[in-house]
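Before any comments, here is the structure.
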Amino acid sequence: MGDYKGSCFCGAVEVTASGEPAAMGYCHCESCRHWSAGPVNAFTLWPPANVKITRGAGNVGSYAKTKHSIRKFCKTCGGHILTEHPGMGLTDVYAAILPKLEFAPGVHVHYQETVLRMKDGLPKQKDVPAELGGSGVTLAE
């Protein structure tokens, strides 16, 4: 347990996540792939009260393609910071911006949309776990 500090690409915006994440894993949905410009997005989900913008709050832009995900980024460099998921009651602080957090993924979500098959033995959820409002259906690797 601790405080994990991260920042956008240029460092103008800093974020601190406190405690331990509720979950960590990989998202394969088209929205995350498009947003991150990568084949998967490594996420760390936290209770919103445990995530604070600690520097540069006035420099944070926001974009909501849907009501399910409010994506936050630095207005200077465009670097991604976090995504709020109000319906799940969790905030995703991208694993890549928290260098001191030991990333220990436990699940793949939205695996039916994958463009990069991963054989790592972790559960592959068709969408998201049932407790987060998904089908709970697990797919084969």
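The values are calculated or read from the model by the stated rules, or taken from the named source; none is laboratory data. Given the structure is predicted, the values throughout are model-derived calculations rather than measurements. All Cβ positions, even for glycine, are placed from backbone atoms using ideal geometry, and neighbour counts span all protein chains on display. Accessible surface areas use protein heavy atoms only, side chains included; no ligands, DNA or RNA. Shrake-Rupley method; radii C 1.70, N 1.55, O 1.52, S 1.80 Å.
For segment 2-45, filtering for residues that are open to solvent by less than 30 Å² (accessible area, probe 1.4 Å) and more than 24 Å from E141 (Cβ to Cβ) leaves 9. Annotation: of all residues in segment 18-47 being part of a helix (DSSP H, G or I) and hydrophobic (A, V, I, L, M, F, W, C), the one that is nearest to the chain's Cα centre (by Cα) is C32. Under the condition of being touching a strand residue (DSSP E or B) at 6+ places or on another chain (Cβ under 7 Å), without any contact (Cβ under 8 Å) to a residue 60 or more places away in the chain and within 21 Å of V109 (Cβ to Cβ), the residues counted in segment 3-34 number 1.
The rows are residues; the columns are (1) in contact (Cβ under 8 Å) with a residue 40 or more places away in the chain; (2) on the phi > 0 side of the Ramachandran plot.
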residue	(1), (2)
S36	yes, no
P48	yes, no
S62	no, no
H68	no, no
K72	no, no
G79	yes, no
P86	no, no
V107	yes, no
H110	yes, yes
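Pairs meeting the criteria (first residue in segment 116-133 and without any contact (Cβ under 8 Å) to a residue 24 or more places away in the chain and under 20 Å from A104 (Cβ atoms), second residue open to solvent by 40 Å² or more (accessible area, probe 1.4 Å) and assigned to a strand (DSSP E or B), beta carbons under 7 Å, at least 6 apart or on different chains) are P123/T138; K124/T138; K124/L139; Q125/T138.
Residues in segment 88-105 that are of a type in the set (D, E) and touching a residue at least 12 places away in the same chain (Cβ under 8 Å): D92 alone. Those residues that are more than 24 Å from K72 (Cβ to Cβ) and surrounded by 18 or more Cβ atoms within 10 Å (Cβ to Cβ), I need them from segment 85-128; list them, please. Result: Y111, T114, K124, Q125. The residues of segment 52-80 that are under 20 Å from C10 (Cβ atoms), within 15 Å of the chain's Cα centre (by Cα) and hydrophobic (A, V, I, L, M, F, W, C) amount to a single one, F73. Annotation note: of I53, I81, the sole residue that is assigned to a strand (DSSP E or B) and touching a Phe, Trp or Tyr at 6+ places or on another chain (Cβ under 8 Å) is I81.
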